Amino acid sequence: MRMVYTGADEEDFLDARGRLLIELDAWSQMRQRLVDPVVVGAMLDYRFERDGLLGRWTREVLRGALLTWFPRKVVLLHPDTKSVVDAVEALLDFFEDADLLDDRTEPLPLLRSYLAEIAGEFDAAMREPANFGLAKFWAVAMAEHGVDPLDELAAQRFVERVQRGELAVDKTLLHEIAYRHYEGDPGAEPVETTPVFVLAPDDRLAADAESTLVVRRLRRFVDWLGQGRTLAEVRNLPDLVGAAKKAGVVRVFRGMLVPVKRGAPLLADPLALWRAALSYLLDDPWAFEVADELVTEPGSIPMLVELLGGGSEAILRTVRRLIDFGLVEMFPAREEHYQDLLDFAGVDSVEEVPEEERQVVRLRPLGVRAMYDARVFNGGEALTLDDLAVETAEVLLCRLAPLPSEVFDEGARLWLREREPGQAIAELSELARRTDDFEHRMLAFELLAEGGDTGIAAIRDLRDHSAAGPAALAWLLDAGLIEPSEVTGRERTYSMVDVLAAGIRSAGRKRALEEFAAQPRPAQLLFLADATICGNPRTREVLECMVVAHPDRMVSNAARKALDWLQGPDR
């Protein structure tokens with residue numbers, strides 16, 4: 001099962017959460033252990049909101065969950081410290097039995113001991129109303145007055161009666177909780193996914209800095225100053241003067257703007273000059289916000305306007321300043337960007353978007369470096385490919401899979417170089433067996449193949465595995481390492497379900513079904529019949545997609561019948 005959901009869609013996590021709870025319930029019945037699903041579900045929610053590492057548990061994680069997050073957010077109808085601690089212990093034991101714990105999880109005896117140690121603090125924290133979050137404050141108040149918080153109409157009436165003074169709540173406490181909520185509550189709010197910065201080497205950055213407009217202008221400006229110019233002569237060059245002063249290559253002396261002699265070496269070093277002048281640009285909060293918004297992915301002009309405000313003219317003006325410093329580049333939107341344009345511009349056709357706004361902006365290597373340095377300087381979290389090289393295989397693949405192929409290749413190279421070949425093969429093979437994410441499994445095979453004959457042999461060894469076997473055969477077939485006759489019908493169907501499920505999640509229902517729907521109708525109907533008995537856990541998801549999105553009504557109806565059969569009482 002996939003256990004890393006860093007940066008994943010909430011829908012994907014909720015699907016995994018549901019499957020984990022089902023398996024935990026079966027495990028608890030076999031072990032005859034009572035487990036509160038509300039507590040376990042809340043613990044999984046906490047891990048998803050913090051970093052998405054569902055299988056990584058430490059004392060720090062337990063403390064944050066039980067002494068801050070639970071008191072803020074979780075409403076237990078019958079609070080019982082022992083049942084909560086027992087449920088958390090059961091979750092950890094289940095993960096250990098199912099081999100789902102992350103390699104960086106602290107030893108379970110240590111975690112069990114820590115749970116017992118903080119049990120008293122947990123009980124006190126859960127009973128103290130000052131620890132409640134805003135939503136929990138209202139939920140508890142409603143429950144005390146016999147109002148169901150999930151009944152929206154009844155909840156609204158309750159709030160209105162409180163506002164009219166008909167019902168009493170602790171207004172002082174409410175104001176304190178509301179203030180904390182609106183000011184930000186780091187221990188209880190979802191944590192932004194730490195971005196991965198792909199840092200270019202200094203020689204590449206130096207070459208890029210050499211070609212920036214700001215570096216060329218600063219050099220020409222200092223040459224033009226000569227022995228100095230009056231302030232009146234430079235009055236119309238505020239940005240250039242500001243950048244030059246910030247960089248330390250000019251200064252004001254007796255009413256004149258004069259070069260700084262010690263700035264000469266700086267002028268000869270393009271990267272150092274660029275860095276020295278950069279703070280002038282990033283001191284502008286607007287410029288910083290635009291650049292920071294592009295850290296995770298490129299953005300269209302309408303998207304930046306929607307997220308940051310200010311209007312298109314202000315955004316375009318700021319983007320041009322960022323271009324002058326070499327932080328970003330702007331290019332005409334291509335077909336893959338059109339939907340983004342339509343969504344953020346709120347129009348029905350691309351032609352309705354003004355031509356100057358049909359642009360996409362992305363960070364260049366200098367911009368990546370600038371935003372990385374700024375984040376680190378401000379004490380923020382930032383990851384590089386070197387950081388990922390010491391992470392687990394699943395974290396690596398989860399973080400690199402959405403990035404461009406050349407970034408994936410470089411990150412994979414660093415990860416493989418960091419460990420002995422045997423260790424890498426063992427870790428990747430374990431991931432391929434455990435995960436139910438088709439893309440991650442196929443990427444694991446790609447990295448295994450980097451191990452040469454030994455890695456290929458490891459993929460072959462997975463052929464008989466119930467879940468990884470069909471994918472391994474598909475990979476070996478695509479690589480030309482086995483003959484098509486060696487692949488059974490069940491394995492083909494299993495792999496097709498994997499491919500369709502992955503496509504649905506990455507490209508959406510309509511696009512994922514286009515290629516499938518292009519096949520002859522009899523072939524599609526045969527696939528539906530085989531899919532119900534191939535044993536792939538994603539079959540239900542694929543059938544549900546076909547029921548609502550397949551363009552052929554006959555195939556759609558057949559998918560509905562297959563889904564009904566799959567969900568029958570005996571299955």
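If I stretch the segment between SER485 and ARG413 completely, what's the gain in nm (0.36 nm per residue apart, minus their alpha carbon distance), one decimal?
Value of the extension gain: 22.5 nm.
How far is helix 108-127 tilted, in degrees, relative to the longest principal axis of the Cα atoms in the chain, given as a value from 0 to 90 rounded to the nearest 10?
For 108-127 against the chain, the angle is about 80 degrees.
With labels modelled as points extended 7 Å from the Cα through the Cβ direction, what inter-label distance (nm, one decimal) is found for GLU117 paired with LEU231?
6.2
Could you please report the charge total around LEU237, scoring K, R as +1 and D, E as -1 over all other residues with beta-carbon less than 13 angstrom from its beta-carbon?
Charge balance in the 13 Å sphere: +3.
With a 1.4 Å probe and every protein chain kept in, tell me what percent of the accessible surface of the stretch 498-562 is carbon plus sulfur.
Here it works out to 53 percent.
With charges set only on the Cβ (+1 for Lys and Arg, -1 for Asp and Glu), what does the dipole of the stretch 101-198 come to about its Cα centre, in debye to the nearest 20?
Charge dipole of the stretch 101-198: 280 debye, to the nearest 20.
In whole Å and largest first, what semi-axes does the C-alpha gyration tensor of the stretch 282-439 yield when each eigenvalue is scaled by 5 and square-rooted? Before the final figure, lay out each step's value.
On the way: eigenvalues 253, 81, 28 Å².
Working through the eigenvalues yields semi-axes of 36, 20, 12 Å.
Calculate how many DSSP beta bridges within the chain are antiparallel, expressed in % of all such bridges and rounded to the nearest 5.
90
Full extension from LEU526 to ARG509: what is 0.36 nm times the residue separation minus their Cα-Cα distance, to one decimal in nm?
Gain in length upon complete extension: 4.1 nm.
Provide the per residue accessible area, probe 1.4 Å, for the chain, rounded to a whole number of square angstrom.
Dividing the accessible area of the chain by its residue count gives 52 Å².
On a full-extension model of 0.36 nm per residue, what is the gain between ALA518 and ALA130, subtracting their alpha-carbon distance, rounded to one decimal in nm? Could you put the intermediate results ahead of the total?
Values: separation 388, 0.36 × 388 = 139.68 nm, distance 6.02 nm.
Working it through step by step, the gained length comes to 133.7 nm.
In percent, what relative contact order does the chain have, based on Cα pairs under 8 Å that are 6 or more apart in sequence?
Once divided by the residue count of the chain, the mean separation gives 9 percent.
Mind listing the Cα extents of the stretch 261-342 along all three principal axes, in Å, largest one first?
Cα spread of the stretch 261-342 along its principal axes, largest to smallest: 53, 24, 21 Å.
Would you indicate which of [x] 91, 75, 53; [y] 196, 59, 38; [z] 94, 67, 62 is the value of Cα extents along the principal axes in Å derived from the coordinates of this structure?
Comparing each candidate, only [x] matches the computed number.
May I ask you to order 326-334, 172-180 by the average number of other C-beta atoms within 10 Å around their residues, highest value first? It would help to have the intermediate numbers written out before the result.
On the way: 326-334: 17.0, 172-180: 13.7.
So the peptides 326-334, 172-180, ranked by packing, come out 326-334, 172-180.
If you roll a 1.4 angstrom probe over the protein chains with everything in place, what fraction of the accessible area of the stretch 84-236 belongs to carbon and sulfur, to the nearest %?
50
FRET efficiency for LYS561 and SER349, Cβ-Cβ distance as r, R0 = 41 Å, nearest 0.05?
0.55
For q values of 0.19, 0.34 Å⁻¹, compute log₁₀ I(q)/I(0) with the Debye formula on a Cα-only model of the stretch 425-470, without solvent.
Results for the stretch 425-470 at q = 0.19, 0.34 Å⁻¹ read -0.46, -1.39.
How are the alpha carbon pair distances in the stretch 385-512 distributed across 10 Å bins from zero to the largest one, expressed in percent?
13, 43, 35, 10, 0
With angles folded into 0 to 90 degrees, how steeply does helix 489-507 sit against the dominant principal axis of the chain? Use alpha carbons for both and round to 10.
For helix 489-507, the angle is close to 40 degrees.
Helix 10-31 sits at what angle to the longest principal axis of the chain, using alpha carbons and giving 0 to 90 degrees rounded to 10?
40
Pop out the carbon and sulfur fraction of the accessible area of the stretch 297-397 as a percent, whole number, probe 1.4 Å.
46
Sum up the lysine pairs in the chain that clear both bars: alpha-carbon distance under 20 Å and a spacing of 8 or more or different chains.
Numbers: LYS73/LYS82; LYS73/LYS136; LYS73/LYS171; LYS136/LYS171; LYS245/LYS261; LYS246/LYS261.
Summing the qualifying lysine pairs gives 6.
Report the normalised scattering of the stretch 334-409 as log10 I(q)/I(0) at q = 0.18, 0.19, 0.26 Å⁻¹, calculated by the Debye formula with identical scatterers on the alpha carbons.
Per q value, in the given order, log10 I(q)/I(0) is -0.91, -0.93, -1.13.
How big is D for the stretch 204-351, in µm² s⁻¹ as a whole number, if Stokes-Einstein is applied with the Kirkwood radius of its Cα pairs at 20 °C and 1.002 mPa s?
126
So what are the stretch 213-268's ellipsoid semi-axes, whole angstrom, largest first, if each one is the square root of 5 times an eigenvalue of the alpha-carbon gyration tensor?
Equivalent ellipsoid semi-axes, largest first: 16, 13, 9 Å.
The values are calculated or read from the model by the stated rules, or taken from the named source; none is laboratory data. Quick caveat: nothing in here was measured; it's all calculated off a predicted structure. Positions of Cβ are generated from backbone atoms using ideal geometry, with glycine treated the same way; all protein chains shown enter the neighbour counts. Side chains included, ligands, DNA and RNA excluded: accessible areas come from the protein's heavy atoms. Shrake-Rupley method; radii C 1.70, N 1.55, O 1.52, S 1.80 Å.
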